[in-house]
1. Which of the residues belonging to segment 46-70 are surrounded by 18 or more Cβ atoms within 10 Å (Cβ to Cβ) and not in a helix (DSSP H, G or I)?
2. Take E137 and decide whether it is surrounded by fewer than 18 Cβ atoms within 10 Å (Cβ to Cβ), touching a residue at least 24 places away in the same chain (Cβ under 8 Å) and under 20 Å from L8 (Cβ atoms).
3. With the requirement that a residue be in contact (Cβ under 8 Å) with a residue 40 or more places away in the chain and either surrounded by fewer than 19 Cβ atoms within 10 Å (Cβ to Cβ) or in a loop (DSSP other than H, G, I, E, B) (or both), what does segment 113-132 give you?
4. What number of residues within segment 197-224 satisfy the criterion of being part of a loop (DSSP other than H, G, I, E, B), crowded, with 16+ Cβ neighbours inside 10 Å and in contact with a His (Cβ under 8 Å, 6 or more places away or on another chain)?
5. For segment 84-96, does any single residue satisfy the condition of being of a type in the set (F, W, Y), surrounded by 19 or more Cβ atoms within 10 Å (Cβ to Cβ) and assigned by TED's automatic domain parsing to the domain that holds Y22?
6. Does K74 fit the bill of being surrounded by fewer than 19 Cβ atoms within 10 Å (Cβ to Cβ), farther than 28 Å from G173 by Cβ and in contact with an Asp or Glu (Cβ under 9 Å, 6 or more places away or on another chain)?
7. Which of (1) in a strand (DSSP E or B); (2) over 16 Å from the mean Cα position of the chain (by Cα) does S73 not meet, given it meets every other one?
8. Every residue in segment 33-85 that is of a type in the set (S, T, N, Q) and without any contact (Cβ under 8 Å) to a residue 40 or more places away in the chain, please.
Amino acid sequence: MNCIFFDLDNTLTERAATITAYADQFENDFNQVVKPALHRDRLAKAFNAIDCGGYTTYEKRADDMLALDIWESKPSVTELSLHWQTWVSKNALPMHGLYECLEALIKMGLRLCLVSNGQSKIQRATVMALQLEPYFEQIVISEEVGAKKPDSVIFEVALQKMHCSATEAIFVGDHPLNDYIGSQRQGFSAVWFGGFHTWPADQEQPKRVIKSLSELYPIVRELIPTKSLTF
């Protein structure tokens with residue numbers, strides 16, 4: 001066991017906090033075309049609902065934003081979509097304890113790989129914004145591979161790039177199917193980052209669950225008993 005593979009959104013990034021921050025930026029940039037005295041908390045709540053944790057298209061987000069009763073005059077779908085995707089990807093907020101966790105794992109001698117679904121330019125902008133490149137030996141993005149999690153292909157590509165077998169690897173992610181079940185089917189020791197998605201009722205409950213990156217430590221200690229670290 002010498003490699004840990006991570007999902008990106010809602011695993012290394014704090015998606016809801018990022019979208020809440022975007023609501024502030026939105027108010028500033030579109031203040032001339034929205035109704036006055038928007039309630040910030042309501043706007044942030046509406047935007048997070050529209051975002052669906054990142055699991056929807058930019059065009060659908062823009063359509064849903066235009067349907068909100070906040071406009072004096074409406075911009076185009078293209079303008080809204082581009083504004084959202086550009087700002088959010090370049091201003092992603094880190095999950096609490098992110099850098100301490102990654103640094104501690106590397107000090108243990110573990111090798112790290114990032115595996116993310118999404119558009120290459122968007123996901124790589126997020127990686128750059130969070131300055132994640134130095135921590136990860138490989139960054140694997142679905143658009144570049146031509147396959148999305150939970151497809152076995154993207155896991156196989158990531159393993160090949162890391163010169164690692166699934167039985168020697170841990171996979172950490174928030175999505176029940178894409179991350180936990182998908183990686184487990186390939187032989188990874190899967191860890192579910194709970195709290196962002198409802199676990200499917202028809203699936204066996206996950207064996208390893210965390211609600212924060214600091215909770216990863218006892219799991220790593222269980223799987224790598226000869227190693228020790230302190231978060």
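The values are calculated or read from the model by the stated rules, or taken from the named source; none is laboratory data. Here the structure is a predicted model, which means the values were calculated and not measured. All Cβ positions, even for glycine, are placed from backbone atoms using ideal geometry, and neighbour counts span all protein chains on display.
1. I70
2. For E137, the condition - surrounded by fewer than 18 Cβ atoms within 10 Å (Cβ to Cβ), touching a residue at least 24 places away in the same chain (Cβ under 8 Å) and under 20 Å from L8 (Cβ atoms) - is met.
3. If the condition is that a residue be in contact (Cβ under 8 Å) with a residue 40 or more places away in the chain and either surrounded by fewer than 19 Cβ atoms within 10 Å (Cβ to Cβ) or in a loop (DSSP other than H, G, I, E, B) (or both), then N117, G118, A129, L130, L132 are the ones that fit.
4. 1
5. Yes, because at least one residue in segment 84-96 is of a type in the set (F, W, Y), surrounded by 19 or more Cβ atoms within 10 Å (Cβ to Cβ) and assigned by TED's automatic domain parsing to the domain that holds Y22.
6. Here the answer is no, as K74 does not meet what is asked.
7. Here S73 clears every test but (1).
8. N48, T56, T57, S76, T78, S81, Q85 - these are the residues of segment 33-85 that are of a type in the set (S, T, N, Q) and without any contact (Cβ under 8 Å) to a residue 40 or more places away in the chain.
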